[in-house]
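The values are calculated or read from the model by the stated rules, or taken from the named source; none is laboratory data. The structure presented is a predicted model; accordingly, all values stated were derived computationally and were not measured. Here the Cβ is made from the backbone with ideal geometry for all residues, glycine too, and neighbour counts use every protein chain on show.
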Amino acid sequence: MNTKQRKTLAAIFKKPTPAGIEWREVASLIKALGGEIRYGDVSRVRIDLQGEERAKTIRSKACQGIIDTNRRHAMNTVSYKGYIARIEPDLDDGILTGRVINTRDIIGFHGETISEAIKSFHAAIDEYLEDCKQRDVDPNKPYSGKFNLRLSPQLHSEIASAAEKAGKSLNKWVIDKIEQATHDI
């Protein structure tokens, strides 16, 4: 095992298990431990580690860390015709459920596989747009890209100063900070 793999192993056994464990690091560790990774259809992965009792722990903790990381990084979002949906597993029913997150209207869908859920999302958007057309109603569009904030005069002044120091307009500085914050989630 190399140093990076040792760090990954230590992270897996850390309490609580950190959510930032990346799959490529886990895969490298599994291979270094003599394990095998088999990829199935869609998103199924089988990890085989022989012998040691810690194999079960490595599998479960690493997978949980990866799942938590993906939840935080919104790896479970898809887009179609400007609408963005989040897809999540429903462990009770054994299906994937989704809802559109960038509109005020409630648009939901489901599927038994990732590809079914995505097809269902596309169909839901197409049906929504067709229904709006038939009812002669404008569809609720994804967010416009404009919103107003109420700030204290002190905070407004501090932001304006920070933007000036960065050589940016107030608007550009705020956009950069919001983009940075949303990508770090």
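A few comments on the model shown:
- Of all residues in the stretch 161-182, those satisfying the criterion of being surrounded by fewer than 12 Cβ atoms within 10 Å (Cβ to Cβ) and under 15 Å from Asn148 (Cα atoms) are Asn171, Ile178.
- Among the residues of the stretch 135-154, those that are closer than 28 Å to Ile125 by Cα, surrounded by 10 or more Cβ atoms within 10 Å (Cβ to Cβ) and modelled with pLDDT under 90 comprise Asn140, Lys141, Pro142, Tyr143.
- Residue within the stretch 120-140 that is in contact (Cβ under 8 Å) with a residue 40 or more places away in the chain, out of contact with any strand residue (DSSP E or B) (no Cβ under 6 Å at 6 or more places or on another chain), assigned to a loop (DSSP other than H, G, I, E, B) and of a type in the set (S, T, N, Q) present: no
- Filtered by the rule that a residue be assigned to a loop (DSSP other than H, G, I, E, B) and surrounded by 12 or more Cβ atoms within 10 Å (Cβ to Cβ), the stretch 83-114 gives Ile101, Asn102, Thr103, Ile107, Glu112, Thr113.
- Residue within the stretch 129-146 that is among the hydroxyl-bearing types (Ser, Thr, Tyr) and more than 17 Å from Ile101 (Cα to Cα) present: no
- Search result, residues across the stretch 141-161 that are farther than 16 Å from Ser79 by Cβ and either assigned to a strand (DSSP E or B) or among the hydroxyl-bearing types (Ser, Thr, Tyr) (or both): Ser144, Ser152, Ser157, Ser161
- Test result for Ser157, over 20 Å from Gly82 (Cα atoms), out of contact with any strand residue (DSSP E or B) (no Cβ under 6 Å at 6 or more places or on another chain), exposed (fewer than 11 other Cβ atoms within 10 Å of the Cβ) and of a type in the set (Gly, Ala, Ser): no
- Cβ-Cβ distances below 9 Å connect the following pairs, each with a first residue in the stretch 167-185 that is closer than 18 Å to Leu155 by Cβ and of a type in the set (Ser, Thr, Tyr), a second residue that is part of a helix (DSSP H, G or I) and at pLDDT 85 or above, and a separation of six or more residues or different chains: Ser169/Ala163.
- Ala117 being part of a helix (DSSP H, G or I), in contact with a Leu (Cβ under 9 Å, 6 or more places away or on another chain), modelled with pLDDT of 85 or more and not aromatic (Phe, Trp, Tyr): yes
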